[in-house]
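First comes the structure, then the notes that go with it.
Coordinate-derived values only; no laboratory data. Just so you know, these numbers come straight off a predicted model, no measurement behind them.
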Amino acid sequence: MDIMEGILTRRSIRRFTGEVISQERLETILRAGFAAPSAHNSRPCHFVVLKDKTTLEKITTFHPYAKMLPQAGCGIVVCGNNEAQKLEGFMVADCAAAIENMLLAANGLGLGSVWCGLHPVAELTEGMKELLNLPENITPVGLVVVGHTDEKKGSWNRYDEEKIHHDKW
Ligand SMILES: Cc1cc2nc3c(=O)[nH]c(=O)nc-3n(C[C@H](O)[C@H](O)[C@H](O)COP(=O)(O)O)c2cc1C
């Protein structure tokens, strides 16, 4: 897939067939996450791969907008190490870059995915920390839900001339 086609056709997919993605595709998606840019090249991102049904179900009890997770069959919690990237804003930006790379990789593989937010919502980050037994210095920033898509979504043109400023605001 051409890179612009991959970017422009990526959409949030929330309906899945239930077939779990292969290990090979999962590794490709993780490789895309690791390839993201990082402030000072600090590389604070860790990825917690979730496939266990009970764990996926438990997440839906505290995350109201991740109900599609059990049907997708796979989630990747993108976490930032606050000791590796000390400025929180940079740590979050690094994780966001990794997440977007993974969403694009999933699209390129013909899979569906959706970014479910965690940080900075305390109930969500605390719920995830407790469930996954995350160390104190690790912040769960976002959850990538990925699976075989069961819905078709078109791309739409979001190019907005009014939000482009030339040389000054
Ligand atoms: C930081 C962030 C948090 C999000 N959290 C959720 C979420 O919890 N659940 C969900 O279904 N979608 C979530 N989304 C996806 C957005 O709803 C989606 O990207 C937006 O509606 C635009 O649609 P598109 O992704 O299909 O272009 C999130 C997106 C971002 C960037």
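Here are some notes:
- Set of aspartates and glutamates with alpha-carbon distance to LYS58 below 17 Å, sequence-local pairs under 8 removed: GLU123, GLU126, GLU130
- Across the range 49-119, Cα-Cα distances exceeding 19 Å account for 42% of all pairs.
- Each part reduced to its alpha carbon centroid, the range 25-47 and the range 59-80 end up 19 Å apart.
- Divided by 2.2 N^0.38 Å, where N counts the residues, the Cα radius of gyration of the range 15-83 comes to 1.26.
- The H on the amide N of ASP150, modeled in the peptide plane, is under 5 Å from the matching H of ARG15, PHE16, THR17, each at least 5 residues off or on a different chain.
- Taking the empirical scaling 2.2 N^0.38 Å for compact globular proteins as reference, the chain has a Cα radius of gyration ratio of 1.06.
- Working note: Debye formula, equal point scatterers on the alpha-carbon atoms of the range 97-169, no solvent; log10 I(q)/I(0) at q = 0.18 Å⁻¹ is -0.88.
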